[in-house]
Amino acid sequence: MAVLIKGGTVVTAEHTWRADVLCDEGKIQAIRENLEPLPKTEVIDAGGQYVMPGGIDPHTHMQLPFMGTVASEDFESGTAAALAGGTTMIIDFVIPSPQQNILEAYNQWRAWAEKSVADYSFHVAITWWDDTVAADMKTLVREKGVNSFKHFMAYKGAIMCDDEILVNSFSRAIELGAIVTCHAENGELVYRLQQKIFDMGITGPEGHPLSRPPEVEGEAANRAIRIAEVLGVPLYLVHNSCKQSLEAITRARNEGQRVYGEVLAGHLLIDDSVYRDKDFDTAAAYVMSPPFRSQEHQEALWRGLQSGNLQTTATDHCCFCADQKAAGKDDFRMIPNGTAGVENRMEVLWHHGVSTGRLTMNEFVAVTSSNAAKIFNIFPRKGSIAVGADADIVVWDPEATKTISAKTHMQKIDFNIFEGMEVKGCASHTLSQGNVVFSNGSLKVERGAGRYVDRPPYATYYDAMTKRAEHKKPTAVER
Ligand code: URQ
Ligand code: ZN
Ligand code: ZN
């Protein structure tokens, strides 16, 4: 059925203008004033509201097997919660176990994601290396719509990449025309500091941030940046949480290196005092990596978004309930790392970003949707309000208010890191593939309606090298 969004103000990353938007057959069909409904058209009155590209969360972990348990949110419930908050696409992660064939792991995650109710795609993590990994990366790029490979520089003894894996995988990625992404924490330092903190008798959640200071993240961020620089591969650093990693990104970008930075809504708004809560369940609920930091880092991260040195926002939605977090009751190192947020990202960013004047509405669209679409090569199909684009749209009511709570959220987790936060501005309607899937507080989703989104490779290695040759800096002889 066609849907006509009438009377709204369209907001994209570039422009803001008054226009009606007609959607049909999953696509945006027309954008102009005074559009009239066809017979059997569903009409949404968007008067006084904004019509924006549906959010893209480039960092989620639905039903992730991790640290001896499995994340409580699955692809069906997680994509439904996303739609309730105005996010219409997630990019999740295939994380092969070391020595597991990466194509086998890819197929495993694809099967899990079949039940999604909104569109999704996958970064693929490289957690080990041999010639089969190199070969299978080519299959993933050429045949499976994967253009991004993830590397965990943390989690020693589990999925951590050493420099040999980083160099091999980064080199392979540029050959294939793919981008590399990193969780940048020095896993060796974390391991040593965890042992030291624990041996000092600090066994509770307050030990978690002490074992992962910002310097540990800054070192790894800079190391990943320098390796990418030498090898000439574009780099995307996930969940930057501190000044140190932001400074490394800013320096590289100022020198023209192709480095992108992501920041989580949580890292922008929550500080490390949460780990000193006397209640174990509350403090443990905030255990994720990198940890929430002191307030000076939050202000720096907001400036990173405002300056354009950080380009995307995400949630790292990876849910573990209290009974799962209790695994670390006597040893903070055993607390499953992860927090939620996929339902609240856009509203907390609107309230603390746009309503405070930190971000314009256009910048809000850029950092919640369009930039991720551009970086991961699915723009303008995704992340835009344009004729021919997918009709993934959020109708945003700037006057609507809500108090965020685990008691009322759709997320399948018994805790909300934004518990009690009052926000003004939230989704009144969400359209996925041109269907109204969320309106005035209720979901109307269909299990399995979500589609896997292919993400094509960038220029191949040889194209890139040819371009580089054309713009080669003149040598001393040529001057
Ligand atoms: O490190 C990640 O991104 C995954 C394992 C989620 N957990 C977390 O603490 N960030
Ligand atoms: Zn991570
Ligand atoms: Zn993650």
Within region 91-143, of all residues that are more than 21 Å from the chain's Cα centre (by Cα) and of a type in the set (Val, Ile, Thr), the one farthest from GLU343 (Cα to Cα) is THR132
Subset of region 4-25 [open to solvent by less than 20 Å² (accessible area, probe 1.4 Å) and within 18 Å of PRO37 (Cβ to Cβ)]
LEU4, ILE5, GLY8, VAL10, ALA19, ASP20, VAL21, CYS23
Which residue pairs have Cβ atoms closer than 7 Å, lie 6 or more positions apart in sequence or on different chains, and pair a first residue in region 21-41 that is over 16 Å from VAL436 (Cβ atoms) with a second residue that is surrounded by fewer than 13 Cβ atoms within 10 Å (Cβ to Cβ) and hydroxyl-bearing (Ser, Thr, Tyr)?
none
Return yes or no: is VAL146 in a loop (DSSP other than H, G, I, E, B), within 16 Å of PHE376 (Cβ to Cβ) and touching a helix residue (DSSP H, G or I) at 6+ places or on another chain (Cβ under 7 Å)?
yes
State whether the residues of region 368-390 include one that is open to solvent by 10 Å² or more (accessible area, probe 1.4 Å) and acidic (Asp, Glu).
no
The helices (runs of 4 or more DSSP H) lying entirely within region 314-365 that contain at least 1 residues which are crowded, with 24+ Cβ neighbours inside 10 Å and touching a residue at least 60 places away in the same chain (Cβ under 8 Å) are 345-349, 361-365
Condition (residue is free of Cβ contacts under 8 Å to residues at least 12 places away in the same chain, more than 21 Å from ASP130 (Cβ to Cβ), open to solvent by 50 Å² or more (accessible area, probe 1.4 Å) and not in a helix (DSSP H, G or I)) applied to region 191-201: is it met by at least one residue?
yes
Scanning region 407-422 residue by residue, those crowded, with 17+ Cβ neighbours inside 10 Å and of a type in the set (Gly, Ala, Ser) turn out to be none
Output the residues belonging to region 18-71 that are within 16 Å of ligand 1 (Cβ to nearest atom) and not polar (S, T, N, Q).
ASP57, PRO58, HIS59, HIS61, MET62, LEU64, PRO65, PHE66, MET67, GLY68, VAL70, ALA71
Any idea how many residues of region 44-60 are more than 16 Å from ligand 3 (Cβ to nearest atom) and either open to solvent by less than 10 Å² (accessible area, probe 1.4 Å) or free of Cβ contacts under 8 Å to residues at least 40 places away in the same chain (or both)?
8
Name the residues in region 243-267 that are within 16 Å of ligand 3 (Cβ to nearest atom) and assigned to a helix (DSSP H, G or I), would you?
SER245, ALA265, GLY266, HIS267
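The values are calculated or read from the model by the stated rules, or taken from the named source; none is laboratory data. These numbers come from a predicted model, not from an experiment. Cβ sites come from the backbone with ideal geometry, for glycine too, and all protein chains shown count toward neighbours. When the accessible area is computed, the model is the full protein with side chains, heavy atoms only, and any ligands, DNA or RNA have been set aside. Shrake-Rupley method; radii C 1.70, N 1.55, O 1.52, S 1.80 Å.
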